[in-house]
Amino acid sequence: MDKLIISGGRPLEGRVEVSGAKNSALPLIAACLLTRDTVTLENLPAVRDIRTLLGLLQVLGAEADTDFSSPARRASICADRLKSVVAPYDLVKTMRASVLVLGPLLAREGKARVSMPGGCAIGTRPINLHLKGFEKLGARVSSDHGYVDVAAPRLQGAEIYFDMVTVTGTENLMMAATLAEGQTVLRNAAQEPEITDLAHLLNAMGARIQGAGTPVITIQGVERLGGARHRIIPDRIEAGTFLMAGAITRGDVVIGRCVPAHLSAFIQKLSEAGVPVDQLDETTVRVRPGSRLQACDMITQPYPGFATDMQAQYMSLMTQADGVAVLTENIFENRFMHVGELLRMGADIKVDGRQAIVRGKTPLAGANVLASDLRASACLILAALVADGETCIDRIYHLDRGYERIEEKLQALGATISRKA
Ligand code: EPU
């Protein structure tokens with residue numbers, strides 16, 4: 001199993017380019033199941049979750065012509081003839097986002113059978129809101145032997161109110177509703193940029209979606225969808241991770257090929273903490289060393305709030321800030337697994353339910369640590385970048401699910417980091 005070896009202590013300097021958004025690419029790939037025509041996606045990140053989902057589409061009968069080597073990072077996906085509507089356990093257990101095939105398969109084939117994703121390192125993560133939504137659209141939902149079945153001859157448009165904001169739930173229902181008969185209105189919908197990106201692709205395929213990016217999304221069902229070509233938005237969590245990496249090392253880092261508007265919550269929090277971030281142009285931001293780093297409380301919320309996917313990285317930063325910061329995790333009930341590892345490196349953090357109280361500034365010391373999930377891995381990298389001595393991060397297969405070549409990008413910024421098999 002690969003490990004990362006990091007020697008801390010050097011401020012990062014230079015320019016880094018952000019890859020395409022993993023959490024956009026996943027629903028966009030699933031959306032290819034809605035049409036018999038070819039959909040070409042560009043700017044795909046070369047990360048494992050993308051390969052896993054492309055593998056699942058192939059199991060279902062789609063063909064994918066991929067080119068991850070060229071700068072275009074392209075996949076042309078054709079789901080002309082599907083041979084299965086079953087997402088098997090072996091694939092779903094490696095990646096929960098496999099449930100994104102439910103909506104498209106149900107809408108196009110009238111049925112789908114997907115292994116129920118279990119809980120994961122960050123929470124129980126049920127899919128009840130996806131299923132309730134499908135029922136509202138007229139589907140029968142049943143489950144047996146760890147699988148969930150959804151079936152409907154033709155979905156019927158409906159009013160769907162989400163009890164909680166759910167990102168993949170909104171995506172699944174939006175995809176299903178594109179081919180339903182009549183109008184569907186999604187209320188309390190997620191407003192993440194990834195939702196808007198999906199709506200852009202679906203509309204380019206012939207769907208009639210309005211309001212994506214707001215809490216109310218209206219979808220007029222159509223008879224069929226066709227092919228399209230679409231460029232995936234930059235990964236705001238990767239960009240945010242580099243912002244925090246610059247800030248924690250007191251470095252000077254230019255982050256290119258990003259959408260600064262998607263980073264507002266992170267940029268504002270950094271400036272409250274005393275870290276200057278400048279927007280250089282429409283796709284570039286720069287993080288510079290400030291005179292001091294001040295502790296600031298933070299609460300995770302659905303977009304446009306501060307993303308839960310940046311909570312762990314922000315926690316590393318707060319270990320180096322002067323004062324006490326209270327971090328409240330509102331989205332997932334168990335997303336503090338990284339705390340134990342940060343403590344082993346010398347941090348002073350207490351967890352009380354959904355809150356973590358971080359007392360800074362504490363010197364961190366390199367240690368052997370274990371990554372428990374994708375964003376926890378990024379948090380440990382940031383801590384290692386300022387720790388005294390060498391840190392060895394084990395179980396970085398989590399990291400490879402969602403960050404493209406992160407050690408190469410960090411090396412280019414001057415970090416001492418290498419991968420060991
Ligand atoms: N929830 C339910 N029932 C549902 C759906 C969600 O109770 O049917 C709860 C969840 O348990 C959680 C909350 O609602 O407490 C929000 O979950 P959401 O459904 O929004 O999460 P998700 O769609 O499963 C996506 C991202 C996550 C990201 C969350 C929150 C993808 C593929 N995944 O997950 O990304 O943390 O939204 O923003 O888009 C990551 O990239 O590291 C990652 C975990």
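No value in this document is a laboratory result; all are computed from the given coordinates. The shown structure was predicted, so the numbers you read here are calculated from the model rather than taken from an experiment. Using ideal geometry, Cβ is built from the backbone for each residue, glycine included, and neighbour counts are taken over all protein chains shown.
What the Cβ-Cβ distance of Arg229 and Arg405 gives, at R0 = 22 Å and to the nearest 0.05, is a FRET efficiency of 0.30. Packing here is the average count of other Cβ atoms within 10 Å per residue, and on that basis the peptides 235-246, 188-199, 364-375, highest first, run 235-246, 188-199, 364-375. Among Glu13, Glu42, Glu408, which one shows the highest mean-square fluctuation when the chain is modelled as a Gaussian network with alpha-carbon springs under 10 Å? Checking each option, the largest mean-square fluctuation is seen for Glu408.
One chain, two ends: Ser418 and Thr214. Fully extended at 0.36 nm per residue, the span grows by 69.2 nm beyond their Cα-Cα distance.
Residues of the stretch 377-419 with an amide N closer than 17 Å to a point placed 7 Å from the Cα of Arg257 along the Cα-to-Cβ direction: 402-413.
With the simple model of a label 7 Å out from the Cα in the direction of the Cβ, Lys132 to Glu159 spans 1.6 nm. Summarising the strand pairing of the stretch 280-372, around 75 percent of its internal DSSP beta bridges are antiparallel. When both the stretch 366-410 and the stretch 227-303 are represented by their alpha-carbon centers, they are found 19 Å apart. In a DSSP loop and with at most 16 other Cβ atoms within 10 Å, the trypsin sites (Lys or Arg not before Pro) in the stretch 280-335 are Arg292. Here the sum of -39500 (n - 2.57) over DSSP H runs of 4 or more residues, divided by the residues of the chain, equals -9000 deg cm²/dmol at 222 nm, to the nearest 500. Among Leu317, Leu34, Leu56, which one moves the most in a GNM of the chain with springs linking Cα atoms closer than 10 Å? Greatest mean-square fluctuation among the candidates belongs to Leu56.
Take the Cβ atoms of Asp144 and Arg292, set R0 to 56 Å, and the FRET efficiency comes out at 0.45.
Shape of the stretch 300-418 from its Cα gyration tensor (a ≥ b ≥ c, root eigenvalues): rounded if a/c is under 1.5, otherwise prolate when a/b > b/c, or oblate? It is oblate, given that a/c is not under 1.5 and a/b is not larger than b/c.
Does the stretch 277-339 classify as rounded, prolate or oblate by the C-alpha gyration tensor (a ≥ b ≥ c root eigenvalues; a/c under 1.5 gives rounded; else a/b over b/c gives prolate, otherwise oblate)? Oblate. Listed by number, the DSSP H helices of the chain that run 15 Å or longer by alpha-carbon position along their axis and have mean Kyte hydropathy of at least -0.5 are 48-60, 167-178, 193-204, 236-248, 374-386. Counting only DSSP beta bridges whose two residues both lie in the stretch 24-160, roughly 90 percent are antiparallel.
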